[in-house]
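What follows is a short report on a single structure.
Every read-out reported here was derived from the displayed coordinates using simple, explicitly stated rules and does not represent laboratory data. Model, not experiment: these values are computed from the prediction. Every residue, glycine as well, gets a Cβ built from its backbone with ideal geometry; the counts of neighbours run over all protein chains shown.
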Amino acid sequence: MKSPEKSSILQEDKSISRWYGANLAELLGEKIMAVYPQFDTKKYVKIISSECEGMGYTQRINLHTKTLHQLLPIDYPKSIEILTSILGPENPNETGMFTNFYWVGPIGKYVEDYGLDYFEISIKAIEEITKRNTGEMAIRPFIRRYPEKTMQKMLEWSLSKNFHLRRLSAEGCRAKLPWSTKLDNFIFKPEPVFKILDNLIQDDIKFVQKSVANNIADYLKVNAKVGFKFIEKYKDSSNKNTQWILKHAVRNVKDI
């Protein structure tokens, strides 16, 4: 079988859950044991094999995360140090969660579920995770608990040279991110989000442009008045990237 690490999972097999069973436990277990030899990979594989049958993608990610928490040190700083140390080289491509770094998914979920009391450690982990996979889900609980600190960090990311971090700054604060609960923080006071989008409105990376457009599109659903006001601000821009973003943002809006 061709390795899922060398091509898109969606190209290999339409069944996403195929890659999140015992084979993922074996892969992650091998990586973890290289830096933490006492990790019980056999138990990890056994638990996943016995419980994942019939589960979909989200349930499987949750199962992997829960099992990792059971088998890694209970001390969160220590466990997340182990998990981030296996991440390897950064992803140079404009790809998201279902490609070469699909196996990073449970690590992001680990931060989301167990790292909320450790802001600085977890934010640093999210930075590293998103350079390979994505931190868009993991960042949302931090926005809810620490809105000012988290949005300030995301504003910094919007100016990063790393396009994965720039993308996260727009994608993570979307009001209606797919597969996630609605983020109500900034629906009626969108200034922290729009400061980020201002920094990205001319971005020349398509991966980032799509996130900016989708963030704007979300506002057209949850607070159309402020969404259209933001579009009005840039509608006469001569920048081709800005115009692509605005066009993509309104692609599903009728009578415009």
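If one takes the longest principal axis of the Cα atoms in the chain, at what angle in degrees, from 0 to 90 and to the nearest 10, does the Cα axis of helix 240-249 lie? The answer is roughly 80 degrees. The base-10 log of I(q)/I(0) for the chain, evaluated at q = 0.13, 0.14, 0.15 Å⁻¹, reads -0.84, -0.95, -1.06 [Debye formula, identical scatterers on Cα atoms, solvent excluded].
Any chance you could run the full-extension gain for D117 through F207? It's 0.36 nm times the residue separation minus the Cα-Cα distance, nm to one decimal. Please list the in-between numbers first.
Details: separation 90, 0.36 × 90 = 32.40 nm, distance 3.08 nm.
Extra length from D117 to F207 when fully extended: 29.3 nm.
Reducing the stretch 39-114 and the stretch 220-256 to their Cα centroids gives an inter-centroid distance of 37 Å.
For the chain, what does -39500 (n - 2.57) per DSSP helix run (n ≥ 4), summed and divided by total residues, give at 222 nm, in deg cm²/dmol to the nearest 500? It would help to have the intermediate numbers written out before the result.
Numbers: 14 runs with 149 residues, N = 256.
Taking each H run of at least 4 residues, the total per residue is -17500 deg cm²/dmol.
In terms of packing, defined here as the mean over residues of other Cβ atoms within 10 angstrom, the peptides 192-202, 130-140 line up highest first as 130-140, 192-202.
Between Q38 and K161, how high is the FRET efficiency from 1/(1 + (r/R0)^6) when r is the Cβ-Cβ distance and R₀ = 41 Å? Nearest 0.05. Don't jump to the answer; show the numbers that get you there.
Details: r = 38 Å, r/R0 = 0.92.
Efficiency at R0 = 41 Å is approximately 0.60.
Among the listed pairs K210/K235; K176/K210; K31/K66; K131/K206; K153/K225; K131/K233, those with a Cα-Cα distance over 22 Å are K153/K225; K131/K233. Restricting the calculation to Cα atoms, the stretch 154-256 yields a radius of gyration followed by a Dmax of 12.4, 38 Å. For the chain, modelled as a GNM with alpha-carbon contacts under 10 angstrom, which of E26, E90, E232 fluctuates the most? Of E26, E90, E232, the most mobile in the Gaussian network model is E232. Across the stretch 45-137, the convex hull enclosing all Cα atoms gives 97 Å³ per residue.
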